[in-house]
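For reference, the structure is listed below as structure tokens.
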């Protein structure tokens, strides 16, 4: 099994590897870069002075060149001389660096390019020189003796290394502070998740952190907590309503069954009494089927299934034909255009049946169904929905007028949510209620 590490240990290990690699890289690359920089600047100085000499000739200020540490020698085919024929300093250099001066003539002869840069390493000093060769075989040598290049390179390296160490120290301090804060935030998120996992969802999630990403996580946690809390309240309310709604038919079935067993028939005959038991059992069956259907919708909602497309106009006409009352009222009026809707046609059939069944319960004279490009509307001319029911009529077992309870409108809303539709209602000024279904 792969060994697991804490996040802060992984971050620390990553930082150590990066810093170690950086230090090693600096230790190798930095000295080379510094030496390259020093060499390049020295050669640039030599080339500038040599160009001045060639341009000015006898008007060239030798002492100005000496101030920059630059000396010049002219090598002819037969002899060697310094630019200044009597120069004790150059003579002294010839004695000090005899090997260097002895090889200059042969280098001039062997040099193929017109101008070339060289470096001669003496015991304590470095001699940088440039040979400018003429087409007649003569050679102009411009050179400088640097005794402090090594110490300069070393000093530059140490100064740069000091800056790097200070910068890395600051980075480490910032990293440890950030790491502690980061881990603390993760632990807080873990604690909140543990509380939610234990069902402790009453306490809101506090937004202490000012980092945007952690705020987004905290907001998502708070949204999840609110939804879980709301679902918990709905579940408790549903359980209460179910127990209350099923208590009466169960009591009736039990008492009537006991009466039959005792030879007593509350409704006159055994058949009539059995019919009451049958009706109450049917009521129970309807409630259980409704609950199972709601649970089925929750499952469908969690699945990523492709939606069918069907003709809503045709389905409305079919459902209205078998749900319109045999008696004259309420009549169902249809004003439909051909519209294609998404979803399972049988589940939409249940939506229409529940909406029409609810409308029949409250309508006086008519039910009007309108279908156009933008929306589906169902109007009934019954009484307005009371204010106390605003926002709750789509809840399971919500008590309506006359003490009627059920799952019809809850099933309607849940089905529409599955397929990306929404439902609203409005009390009309002239009377009646209109339910409207729109695509989200």
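Read-outs throughout are calculated quantities, based only on the coordinates presented, and are distinct from any laboratory measurement. Every value quoted in this text rests on a predicted model; they were computed, and no experiment measured them. Cβ sites come from the backbone with ideal geometry, for glycine too, and all protein chains shown count toward neighbours.
Residues of the range 349-367 being assigned to a loop (DSSP other than H, G, I, E, B) and surrounded by 16 or more Cβ atoms within 10 Å (Cβ to Cβ), which ones? Write out each step before concluding.
From the range 349-367, those assigned to a loop (DSSP other than H, G, I, E, B) are 363-365; that's our starting set.
363, the sole residue that qualifies.
Could you list all residues from the range 185-201 that are assigned to a helix (DSSP H, G or I) and surrounded by 12 or more Cβ atoms within 10 Å (Cβ to Cβ)? If you could, list the steps in order and put the result at the bottom.
Of the residues in the range 185-201, the ones assigned to a helix (DSSP H, G or I) are 185-197.
Passing the criteria: 185, 186, 188, 189, 192, 193, 195, 196.
Of the residues in the range 356-388, how many are more than 46 Å from the chain's Cα centre (by Cα), free of Cβ contacts under 8 Å to residues at least 40 places away in the same chain and under 11 Å from residue 333 (Cα atoms)? Residues meeting the conditions: 4.
Please determine, by comparing only the residues of the range 330-350 that are over 37 Å from the mean Cα position of the chain (by Cα) and in contact (Cβ under 8 Å) with a residue 40 or more places away in the chain, which one is farthest from residue 421 (Cα to Cα). Walk me through it before giving the result.
Within the range 330-350, the subset over 37 Å from the mean Cα position of the chain (by Cα) is 330-339, 345-346, 349-350.
Next, only the ones that are in contact (Cβ under 8 Å) with a residue 40 or more places away in the chain stay: 330, 350.
Details: 330: 27, 350: 15 Å.
So, considering only residues that are over 37 Å from the mean Cα position of the chain (by Cα) and in contact (Cβ under 8 Å) with a residue 40 or more places away in the chain, the one farthest from residue 421 (Cα to Cα) is 330.
Taking the condition in contact (Cβ under 8 Å) with a residue 40 or more places away in the chain and more than 49 Å from the chain's Cα centre (by Cα), does residue 61 pass? When the stated conditions are applied, residue 61 does not pass them.
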